[in-house]
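Report on one structure; see the data block that follows.
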Amino acid sequence: MSQTGKSTQIRAADARDIEFILSLVPRFVSCALPTSHRKRDVLAAIRAEIERALHDPRPGEHFFVAEAAGGQRTGFLHLQVQRDFLSAVRACHVSDLAVVEGHDGQGIGHALLEHARRWAKDHHCKLLTLSVFPGNARARALYDHAGFTPDLLRMAKPLR
């Protein structure tokens with residue numbers, strides 16, 4: 001377990017954390033989504049992928065849980081080790097990161113990102129990546145503050 005601040009600890013997730021992690025899936029659609037995506041479809045897709053990863057993780061997939069000093073779970077992190085498409089270096093992708101509603105702004109997201117950075121370095125990754133919806137201003141501010149910069153912009157056009 002790693003200590004990442006005054007009262008937040010990060011530990012590897014286990015089977016007892018599955019329902020907690022799934023309970024945070026709605027946080028991923030609590031922001032403005034691209035107009036080409038319906039909230040219920042995005043929610044279903046994210047939930048299905050997280051469930052798959054929890055029950056049948058691929059090599060290189062890892063989940064972590066943030067806990068407050070009293071053991072209350074306050075967030076989670078899902079990492080995927082992969083080869084970066086553009087540079088071919090070993091990369092760690094922050095697939096999912098969510099904080100319990102009401103705990104925003106308390107440094108939990110920052111602690112989870114710092115854990116991801118340290119974990120990636122310890123596992124010989126050369127790059128830490130993540131994706132974020134353009135309308136998720138709170139997450140984008142966190143990622144900007146943590147030193148992430150855009151390196152690829154995905155664009156989509158619905159075909160009707």
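The values are calculated or read from the model by the stated rules, or taken from the named source; none is laboratory data. This structure is a prediction, so every number in the text was calculated from the model and none was measured. Every residue, glycine as well, gets a Cβ built from its backbone with ideal geometry; the counts of neighbours run over all protein chains shown. Side chains are part of the model used for accessible areas, which takes the heavy atoms of the whole protein and leaves out ligands, DNA and RNA. Shrake-Rupley method; radii C 1.70, N 1.55, O 1.52, S 1.80 Å.
Restricting to region 119-145, name every residue that is at pLDDT below 95, open to solvent by less than 40 Å² (accessible area, probe 1.4 Å) and touching an Asp or Glu at 6+ places or on another chain (Cβ under 8 Å).
Within region 119-145, none qualify.
Which of the residues belonging to region 45-61 are open to solvent by 30 Å² or more (accessible area, probe 1.4 Å) and either touching a strand residue (DSSP E or B) at 6+ places or on another chain (Cβ under 9 Å) or polar (S, T, N, Q) (or both)?
ILE46, GLU49, LEU54, PRO57, ARG58, PRO59, listed by residue number.
Tell me which residues, restricted to region 69-84, are open to solvent by 30 Å² or more (accessible area, probe 1.4 Å), more than 24 Å from ARG154 (Cβ to Cβ) and either touching a Gly at 6+ places or on another chain (Cβ under 9 Å) or outside any strand (DSSP E or B) (or both).
Once the filter is applied, which keeps residues that are open to solvent by 30 Å² or more (accessible area, probe 1.4 Å), more than 24 Å from ARG154 (Cβ to Cβ) and either touching a Gly at 6+ places or on another chain (Cβ under 9 Å) or outside any strand (DSSP E or B) (or both), region 69-84 yields ALA69, GLY70, GLY71, GLN72.
Would you check if ALA111 is touching a residue at least 40 places away in the same chain (Cβ under 8 Å), small (Gly, Ala, Ser) and touching a Leu at 6+ places or on another chain (Cβ under 9 Å)?
Here the answer is no, as ALA111 does not meet what is asked.
Filter region 1-35 down to the residues that are modelled with pLDDT under 95, closer than 18 Å to GLU49 by Cβ and either surrounded by fewer than 14 Cβ atoms within 10 Å (Cβ to Cβ) or among the small types (Gly, Ala, Ser) (or both) and list them by number.
Residues satisfying the conditions are SER30, PRO34.
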